[in-house]
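Peer 1: Quick one: structure below, then a few questions.
The values are calculated or read from the model by the stated rules, or taken from the named source; none is laboratory data. Note that the structure is a prediction, hence the values are computed from the model and not measured. Backbone-built Cβ (ideal geometry, glycine too); neighbour counts: all protein chains shown. The area values use the complete protein model at the heavy-atom level, side chains included, leaving out ligands, DNA and RNA. Shrake-Rupley method; radii C 1.70, N 1.55, O 1.52, S 1.80 Å.
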Amino acid sequence: MRLKKKFNGMEIMKKKIAVLGITGSIGESVVEIVKYHSEVFEIVFASANSNLKKLQSIAQELKIKNIFLTDSQIKIDGVGKATDLIRFIENEDYDILINAISGSAGLPYTIATIKQGKDLALANKESLVMAGHLVSDIVSKKGSKIIPIDSEHSAIFQVLHGHQKSELKNIHLTASGGPFRTLPYEDFQKIELKQVLKHPTWDMGTKVTIDSATMMNKGLEVIEAHWLFDIDYKNIQAIIHPQSIIHSIVEFVDGSMIAQMSIPTMQLPILYALTYPIHYPSDKIKTSLESLSALTFEPICKKRYPLFYLVCEAGKIGGIMPTVLNAANEKAIDMFLQGKISFVDISKIVEESLNKFENIENPDLDTIMNVNEIVRK
Ligand code: NDP
Ligand code: MG
């Protein structure tokens with residue numbers, strides 16, 4: 001019997017949660033929320049790529065019985081491998097799986113989960129960037145639900161709840177603008193890694209922090225929104241909102257705009273993803289309106305953030321192109337982290353990749369994963 005709480009006359013069951021990428025930044029926020037609301041959440045299995053120490057310490061603290069390391073080089077007694085993890089996703093009893101793996105590696109796990117008709121709380125935006133057409137198809141056939149964790153998409157998802165699609169006119173994704181919003185453009189050549197990693201409003205994993213500085217992240221989020229909400233690209237706008245308080249805005253057909261707000265924390269979208277369709281009572285996250293001075297907006301400068309426009313273009317072309325750009329960007333970031341290229345080279349490498357590859361319409365999963373490897377090479 002898993003009945004645990006009553007809220008507003010509704011019975012809240014204790015949810016059995018699977019967490020992939022539990023050792024990362026999103027993973028840490030998931031652990032915080034699960035610990036804070038242990039009356040309604042329990043983690044039944046969890047994965048990391050290679051960080052055994054952290055995985056074991058989380059598992060011990062939260063009494064997680066089954067843990068997995070997906071790095072193929074690592075074999076440890078009592079810890080499952082990537083193939084065991086897929087088998088678990090296919091056979092284990094759980095209510096929702098959180099995919100918080102970073103990058104293209106997350107896609108096969110998204111597919112495995114939704115193929116079972118299971119609910120998926122999705123942080124791994126790359127799954128939709130690379131294979132939105134496959135994911136949408138499987139979801140509609142198997143009846144699984146995807147609940148977004150990305151804060152902008154969670155905002156839209158929350159605002160849209162209870163509305164018809166015909167009421168929707170545009171969605172406006174907000175972006176912080178990252179650390180270089182006001183840096184003179186002449187100084188971009190001299191940008192160092194430590195400056196890139198100092199995000200003004202969000203504390204996130206390395207890859208997504210770099211993507212926020214180039215605004216590649218916002219381009220990926222436009223594609224993510226297109227697939228999640230089944231909205232035409234022409235109805236998806238993005239705007240810089242440096243304070244990161246308004247997480248996104250829905251514009252309805254009557255001209256009304258409804259926004260979702262809070263301090264910048266991933267814990268809130270995670271909590272909502274786990275308790276959807278209700279807002280569960282929690283005093284974990286508090287936003288003081290008095291502490292907010294101003295909420296401002298500005299357009300996205302093409303010269304400063306070329307990757308944003310390039311990725312949106314790849315999204316509109318569709319097919320294999322978003323995978324090509326995503327893989328080129330992942331590889332360019334690896335090279336930037338190794339000190340082999342400069343910050344401005346990231347966008348140059350991504351742009352070159354777009355010109356080097358022919359499009360493939362409607363690619364299947366094998367083609368997507370193959371092209372992902374080829375581009376990286
Ligand atoms: P992190 O880099 O902090 O964590 C990544 C997690 O994925 C770790 O647990 C890591 O394991 C695991 N992992 C890394 N590579 C692989 C692989 N090849 N196969 C399987 N697992 C792997 O990332 P974030 O938590 O920042 O981001 C996760 C996802 O969420 C990304 O898609 C990101 O875009 C998205 N997102 C993140 C936000 C944030 O605030 N951080 C906000 C919105 C979206 P190990 O520790 O062992 O390396
Ligand atoms: Mg986001």
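Peer 1: Rounded to a whole number, what % of the accessible area of the range 174-333 do carbon and sulfur atoms account for, probe 1.4 Å?
Peer 2: Details: 3710 of 6830 Å².
Answer for the range 174-333: carbon and sulfur cover 54 percent of the accessible area.
Peer 1: Quick one: grab Rg to one decimal and Dmax as a whole number for the range 92-143, Cα atoms only, in Å.
Peer 2: 10.1, 28
Peer 1: Give me the percent of accessible area attributable to carbon and sulfur for the range 47-87, probe 1.4 angstrom.
Peer 2: 47 percent
Peer 1: Would you mind checking Lys142/Lys198; Lys198/Lys284; Lys15/Lys169 for any pair whose Cα atoms are more than 30 angstrom apart?
Peer 2: Working: Lys142/Lys198 41 Å; Lys198/Lys284 25 Å; Lys15/Lys169 35 Å.
Those over the limit are Lys142/Lys198; Lys15/Lys169.
Peer 1: To continue, here is another question. What fraction of the Cα pairs in the chain, stated in percent, has a spacing above 36 angstrom? All intermediate terms of the calculation are to be shown ahead of the outcome.
Peer 2: Numbers: 13729 of 70876 pairs.
Summing the P(r) of the chain above 36 Å gives 19 percent of all pairs.
Peer 1: If I take R0 = 25 Å and measure r between the Cβ atoms of Arg87 and Lys142 in this structure, what FRET efficiency does the formula 1/(1 + (r/R0)^6) give, to the nearest 0.05?
Peer 2: Working: r = 18 Å, r/R0 = 0.72.
FRET efficiency, Arg87 to Lys142: 0.90.
Peer 1: If you wrap the range 28-110's Cα atoms in a convex hull and average its projection over all directions, what's the area in nm²? Working shown, then result.
Peer 2: On the way: hull surface 22.2 nm².
Mean projected area of the Cα convex hull: 5.5 nm².
Peer 1: Using a Gaussian network model on the chain with a 10 Å cutoff between Cα atoms, which of Ile98, Ile74, Ile171 fluctuates the most?
Peer 2: Evaluated over the chain, the most mobile residue of the options is Ile74.
Peer 1: On alpha carbon coordinates alone, what is the Rg over Rh value for the range 252-336, Rh being the Kirkwood radius? Before the final figure, lay out each step's value.
Peer 2: Details: Rg = 18.7 Å, Rh = 17.4 Å.
Ratio of gyration radius to Kirkwood radius: 1.07.
Peer 1: Of Lys14/Lys207; Lys190/Lys303; Lys340/Lys377; Lys54/Lys81, which sit over 21 Å apart, Cα to Cα? Before the final figure, lay out each step's value.
Peer 2: Numbers: Lys14/Lys207 33 Å; Lys190/Lys303 16 Å; Lys340/Lys377 15 Å; Lys54/Lys81 16 Å.
In this structure, Lys14/Lys207 lie more than 21 Å apart at Cα.
Peer 1: Are there DSSP H segments in the chain that both extend 18 Å or more along their axis (alpha-carbon positions) and score a mean Kyte-Doolittle hydropathy of at least -1.0? List them, or say none. Working shown, then result.
Peer 2: On the way: long enough: 126-142 (21 Å, 0.45); 216-229 (20 Å, 0.28); 321-337 (24 Å, 0.48); 343-356 (21 Å, 0.04).
Qualifying helices: 126-142, 216-229, 321-337, 343-356.
Peer 1: Then there is this: Compute the Rg/Rh shape ratio of the range 85-176: radius of gyration over Kirkwood radius, all on alpha-carbon atoms.
Peer 2: On the way: Rg = 13.9 Å, Rh = 14.0 Å.
Here the Rg-to-Rh quotient is 0.99.
Peer 1: What is the diffusion coefficient of the range 154-228 in µm²/s, taking the Kirkwood radius over Cα pairs and the Stokes-Einstein relation at 20 °C with a viscosity of 1.002 mPa s?
Peer 2: 150 µm²/s
Peer 1: Rounded to the nearest Å, what's the spacing between the alpha carbon centres of the range 94-129 and the range 308-343? Just the number, please.
Peer 2: 21 Å
Peer 1: Counting only heavy atoms of protein chains, what accessible area per residue, in Å², does the chain have with a probe of 1.4 Å? If you can, show how the numbers build up before the last one.
Peer 2: Working: 17420 Å² over 377 residues.
Result: 46 Å² of accessible area for each residue.
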